[in-house]
Amino acid sequence: MNKYFAVLWRLKELAMFEWSVWWFAPQQVWNDCVVIDVADEQVDRLHDFFQHLGWSVKRWRVVTAEELWEILKHGTLLGVTDTALWAFCKKNYGVKRFKKLAIHHTDKEIKEWWIELIALWYELYGHVEHYQHIPLYEAIDFEKPVRGMQIGMMPAKLTHQLISIACAHLSLHWSPVTIYDPFCGFGTTWFVANALGYNTICSDINPTPTKQNLPRRNNQLFATDALFTVFKHDVMQPFVAPFLQHVSCIVTEWRLGPIMAKKSVQNLTRQQLQEKITDIQTMYTTFLSNIAAHPHCSTVPIVITYPQWTFFEADMSLWFIEHAETLWYTVQQPSQLYMRNDQQVARRVFVLQRG
């Protein structure tokens, strides 16, 4: 047995939720890292497992002080999370140069040219060899020809997590996996799913932005030959497309509501606020009712986000949860919201499943 580690994403509860639906409990959680014991014959599976996870920032093998000599004997450039670790490596292994970085951050220079170590606990260290898909996330979030914040874009890293959670709930017979996004917007779910090798079906009341992004996606280094279908559909109407019988799981979010600054929020009347909340409730509950009525899609797992305005004290999703339960869905949710600094809207993540 060998020990392996992974650094948790900054939203630790969301990260642990994704971990929990895929893998057994870690042996230790320390300093924002999970550590597990893995048999030699499981290492390839572990690597493949990490490749499909969205929560891991950096990862790989736990080493002892004795093993550091083999790692550092040819390397004089070291990335560390604290200066005490560099002082230890300088004294014992002759390392001359170091760069300090926060445990959740990835440094391009260190990633490409240096050795990165993380102090775990007494005489045990994390030797970083693999990193999160930052180039993929950047390409999807910032390089799509058609994008915008009028409807809010689901971040690629969060999308990766949602896809991972959805696939963890699939039975082994699902091959190939086909992911359906009925609110495809600018095509983020399709971009991420395609890069991970999954087939994708997308629809929207206006699928034009996704179609306009298609040439860019096909020309990216991350593109795979996974199948892709896009069509026009209003979720307020029944789902009838015949190819929906191939759907393995649903990963989606509707618009988060208007992108509002703090000043504009203060100017909203209670009636205006309630009208916006009602619009969101109507869209989500009607969508779920129509999905539940579909003979095939009603049986597949759904991973969906629901908006939560940070200035609104009440849980906006309670109505949605109650409605899902009346449709015989079981509802799972991590307690932590997905939220970026200084944003007025957060996301709640839900996993819905029947049976």
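For segment 180-197, the set of residues classified as touching a Leu at 6+ places or on another chain (Cβ under 9 Å) and either assigned to a loop (DSSP other than H, G, I, E, B) or in contact (Cβ under 8 Å) with a residue 60 or more places away in the chain (or both) consists of 180, 187, 189, 195, listed by residue number. Under the condition of being under 25 Å from residue 306 (Cα atoms) and either among the hydrophobic types (A, V, I, L, M, F, W, C) or free of Cβ contacts under 8 Å to residues at least 60 places away in the same chain (or both), the residues counted in segment 242-253 number 5. Looking at (1) over 22 Å from the mean Cα position of the chain (by Cα); (2) modelled with pLDDT of 85 or more, can you tell me which one residue 99 breaks? Exception for residue 99: condition (2). Within segment 160-176, the set of residues being within 15 Å of residue 228 (Cβ to Cβ) and buried (at least 20 other Cβ atoms within 10 Å of the Cβ) comprises 163 only. The set of residues in segment 174-186 being within 15 Å of the chain's Cα centre (by Cα) and modelled with pLDDT under 90 is empty.
For residue 131, are the conditions met, namely being among the hydroxyl-bearing types (Ser, Thr, Tyr), surrounded by 17 or more Cβ atoms within 10 Å (Cβ to Cβ) and under 26 Å from residue 39 (Cα atoms)? Taking the combined requirement at face value, the residue satisfies it. In segment 213-236, the residues that are closer than 18 Å to residue 186 by Cβ reach residues that are at pLDDT below 75 and of a type in the set (Val, Ile, Thr) with C-beta atoms within less than 8 angstrom, at least six apart or across chains, in these pairs: 213/146. Considering only residues in segment 326-348 that are of a type outside the set (Ser, Thr, Tyr) and touching a helix residue (DSSP H, G or I) at 6+ places or on another chain (Cβ under 7 Å), the one that is modelled with the lowest pLDDT turns out to be 344. When 323, 296, 246 are checked against the criterion of being modelled with pLDDT of 85 or more, more than 21 Å from residue 15 (Cα to Cα) and exposed (fewer than 14 other Cβ atoms within 10 Å of the Cβ), a single residue qualifies: 296.
Of all residues in segment 78-88, those that are surrounded by 17 or more Cβ atoms within 10 Å (Cβ to Cβ) and more than 35 Å from the chain's Cα centre (by Cα) total 1. Considering the conditions (1) among the β-branched types (Val, Ile, Thr); (2) in contact (Cβ under 8 Å) with a residue 40 or more places away in the chain; (3) farther than 24 Å from residue 351 by Cβ, residue 38 is excluded by exactly one of them, (2).
With the structure loaded, tell me whether residue 36 is in the same structural domain as residue 11 (by TED's automatic domain parsing) and crowded, with 19+ Cβ neighbours inside 10 Å or whether it fails that test. It is true that residue 36 is in the same structural domain as residue 11 (by TED's automatic domain parsing) and crowded, with 19+ Cβ neighbours inside 10 Å.
For segment 115-136, a residue qualifies if it is at pLDDT 85 or above and not in a strand (DSSP E or B), and exactly one does: 132.
Each residue in segment 60-77 was checked for being more than 29 Å from the chain's Cα centre (by Cα), of a type outside the set (Val, Ile, Thr) and modelled with pLDDT of 80 or more, and 7 pass. Looking only at segment 56-74, count every residue that is exposed (fewer than 14 other Cβ atoms within 10 Å of the Cβ) and outside any helix (DSSP H, G or I) and tell me the total. Number of matching residues: 3.
The values are calculated or read from the model by the stated rules, or taken from the named source; none is laboratory data. These figures come from a predicted structure and were not determined experimentally. No Cβ is skipped: glycine too gets one built from the backbone with ideal geometry, and neighbour counts run over all protein chains shown.
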